[in-house]
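Asker: Quick one: this structure, given as structure tokens, is what I'll be asking you about.
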Amino acid sequence: MGLQTRIVLIDDDQDACELLKLQLENTGRMSVTYNTNSDDALAVISRELPDIAILDINMPGTHGVAIGSTLAADTATSAIPILYLTGMVSPDEAEEMAEGVSLPSLISKGSPIEELIAAIDTLTTA
């Protein structure tokens, strides 16, 4: 078995985290660490230094986009690709929203898991 893609998932919804962890790890190609407290996100990501960080946008505490901005500004974490998740819009609207707010990698939580896996593969092989 080759190296697994190491993922840190930050989402305040425990059930969503557990489901995504299960679905992504079932590929056999991904290893997922998650945290439901967005205020701990930077510490977790800095400690794990994953291949990709998946951030929910709308969370109590630190907003996902703020976390992403901080990661991008820090030389220790700036190379980590970021994939944003949102439950605020449908899969079709997520594409429009991503263009409107300059978030290159945004996926709706309503999107099929295959779409999320494809986005992870694209961002981690770029």
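Asker: Can you run phi through the Karplus equation (6.51, -1.76, 1.60; θ = phi - 60°) for region 63-70 and list ³J(HN,Hα) in whole Hz, with x for Gly and Pro?
Answerer: These are the phi-based 3J(HN,Hα) values: 5, x, 5, 5, 4, x, 4, 5 Hz.
Asker: Could you run the Karplus curve 6.51 cos²θ - 1.76 cosθ + 1.60 with θ = phi - 60° over region 46-58 and give me ³J(HN,Hα) per residue in whole Hz, x for Gly and Pro?
Answerer: So the J values, rounded to whole Hz, are 5, 6, 7, 6, x, 6, 7, 10, 10, 10, 5, 6, 9.
Asker: Using amide H atoms built 1.01 Å from N in the peptide plane, name the residues 5+ places from TYR34, or on other chains, whose amide H lies under 5 Å from its own.
Answerer: LEU9
Asker: Ok, one more. Taking H as built 1.01 Å from N, whose amide H comes closer than 5 Å to the amide H of LEU83, not counting residues under 5 places away?
Answerer: ALA53, ILE54, LEU55
Asker: Let me ask you something else. When the gyration tensor of region 1-53 is built from Cα positions, what are the square roots of 5 times its three eigenvalues, in whole Å, from largest to smallest?
Answerer: Equivalent ellipsoid semi-axes, largest first: 19, 15, 5 Å.
Asker: Taking the highest mean first, how do the peptides 72-84, 53-65 order by number of other beta carbon atoms within 10 angstrom per residue?
Answerer: Ranked by mean Cβ neighbours within 10 Å, highest first: 53-65, 72-84.
No lab work stands behind these numbers, since they all come straight from the coordinates. In this text the structure is predicted, and so the values were computed from the model without any measurement. With ideal geometry, Cβ positions are generated from the backbone for all residues, glycine too; neighbour counts draw on all protein chains shown.
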